[in-house]
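Colleague: Following this message is one structure expressed as structure tokens.
Please treat every number below as a calculation from the coordinates, not as lab data. Everything quoted here is computed from the prediction, not taken from an experiment. All Cβ positions, glycine included, derive from the backbone under ideal geometry; neighbour counts span all protein chains shown.
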Amino acid sequence: MFEEMQAFATVVEQSSLNQASKLLNLSQPALSRKIAKLEGELGVTLFNRKGKRLELTSIGRLTYDFALEQRQHQLKFLQSLAQFKDDTDSIITLGASLTTLQTTLPPLISAFMDNHPHAEIKLVTGKTHEIVSAVRDRRADVGIVASSISEPGLNCIPLFEDHLELVVPSTHPLSGKESFMEDLQKLPMITFSKGTWYRKLTDDLFHRTGIMPDIRMEIDSFEAIIRLLPTCKAAALLPKSYVRPQLLLDNDLVTVQIAELKQTLRTTCMIYGKKEELSATAKQWIQETTEFFACPPLTMMRLPFTR
């Protein structure tokens, strides 16, 4: 009945069987049969036929109003169905380190899922070189890595930059004082585990400046480092983007400014392969992530969980 109802509405709107048949790509006899079928199913007369003229009956006007409502409901349903189909069939596999997964990715995933509630996101974790391999071998569509990558066949889009800062408990001897790299000599510190990108960054810094801190613990979790600093009365080098004011306040920590640390720049980048080989969802992720970081001054404000 739905098809006949919409054919009837078209006849009313065109005020002509001939014009309606052309619009519906039906022959006029076929369209007349649809109207007759609808009248038969409803058990009413929809038109008074006066020669070639068609005039709606009172029940015909009521039926036309119903047909319009039905059309609107159908349109809304089909739009929702199309969106559901698009998102249901869309899967994107992201590659990132465990720390990136815990920090940089949450706001990105949250924003993406708001726009694509039925999309499915799969995650592959590993060190930077493992993520690069996963993207290159197409085991991941997109990678988020804490360094700039120059790899044949891969695109590398810089997202944001930050540098290391010294973080200490508020009662630490260095708290509130002007400090220098020399102050880190034999300083009790908690560092990230060996083999990680952040550990390499700090080791390179210590080697370059000739500093040998007293490393008390090696942990592969920024959250654990933050919690242990007051207990161990130790210091740590953490990315500026991670050291949020509220995080410091909640854990009774402060940052210590050391000019040399501003040279420890790192760039978090997004990597992906040939765009023409990516799914529509992966392309959408790339576009929306690029837009997310389009305004550098606001980036860190928008990333409350960034590392």
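Colleague: Treating segment 138-289 as a set of equal point scatterers at the Cα positions, no solvent, please give the Debye-formula log₁₀ I(q)/I(0) at q = 0.12, 0.14 Å⁻¹.
Modeller: So the normalised log intensities work out to -0.59, -0.74.
Colleague: Under the rule a/c < 1.5 gives rounded, and otherwise a/b versus b/c splits prolate from oblate, where does the chain land using the Cα gyration tensor?
Modeller: Verdict is prolate for the chain.
Colleague: Got a sec? Charge dipole of the chain, +1 on Cβ for Lys and Arg, -1 for Asp and Glu; which of Thr290, Leu24, Ile225 is way out at the positive end?
Modeller: Of the listed residues, the answer is Leu24.
Colleague: Could you list which residues have their amide H under 5 Å from that of Ala235, counting only those 5 or more apart in sequence or on another chain, with H placed in the peptide plane?
Modeller: It is Met189, Ile190, by chain and number.
Colleague: Report the residue, chosen from Gln70, Gln284, Gln19, that carries the largest GNM mean-square fluctuation when the chain is represented by alpha-carbon nodes joined by springs under 10 Å.
Modeller: Highest fluctuation of the listed residues: Gln19.
Colleague: Would you mind computing, in nm to one decimal, how far apart the modelled labels at Arg227 and Gln246 are, each placed 7 Å from Cα along Cα→Cβ?
Modeller: It is 1.9 nm.
Colleague: Quick check: pseudo-label points 7 Å beyond the Cα along Cα→Cβ at Ile59 and Ala30, how many nm apart are they?
Modeller: Output for this residue pair reads 2.8 nm.
Colleague: If you take every DSSP beta bridge fully contained in the chain, what fraction is antiparallel? Give it as a percent rounded to 5.
Modeller: Of those bridges, close to 60 percent are antiparallel.
Colleague: Could you give the nm distance between label points at Glu288 and Gln257, where each point is 7 Å from its Cα heading toward the beta carbon?
Modeller: So the label points at Glu288 and Gln257 sit 3.9 nm apart.
Colleague: May I pose another question? If you take the beta carbon distance between Arg199 and Ser279 as r and set R0 to 45 Å, what does 1/(1 + (r/R0)^6) give as a FRET efficiency, to the nearest 0.05?
Modeller: Efficiency computed from Cβ-Cβ geometry: 0.80.
Colleague: Let me ask something else. By how many nm would the segment from His163 to Glu69 grow when fully extended, if each residue of separation counts as 0.36 nm and the alpha-carbon distance is taken off?
Modeller: 27.9 nm
Colleague: If you take the square roots of the eigenvalues of the alpha-carbon gyration tensor of segment 208-261 and sort them as a ≥ b ≥ c, do you get rounded (a/c under 1.5), prolate (a/b over b/c) or oblate?
Modeller: The shape class here is oblate.
Colleague: Enumerate the amide H contacts of Thr267 below 5 Å, restricted to partners 5 or more residues apart or on another chain; note that Pro and chain-start residues carry no placed amide H.
Modeller: Here Ser148 satisfy the definition.
Colleague: What list of ³J(HN,Hα) values in whole Hz, one per residue of segment 196-211 in order, does the Karplus curve 6.51 cos²θ - 1.76 cosθ + 1.60 (θ = phi - 60°) give from phi, with Gly and Pro shown as x?
Modeller: Residue by residue, segment 196-211 yields 8, 5, 5, 5, 4, 4, 6, 4, 4, 5, 5, 5, 5, 9, x, 9 Hz.
Colleague: Once you order the gyration tensor axes a ≥ b ≥ c over the Cα atoms, which shape class does segment 20-60 get: rounded for a/c under 1.5, otherwise prolate or oblate by comparing a/b with b/c?
Modeller: oblate
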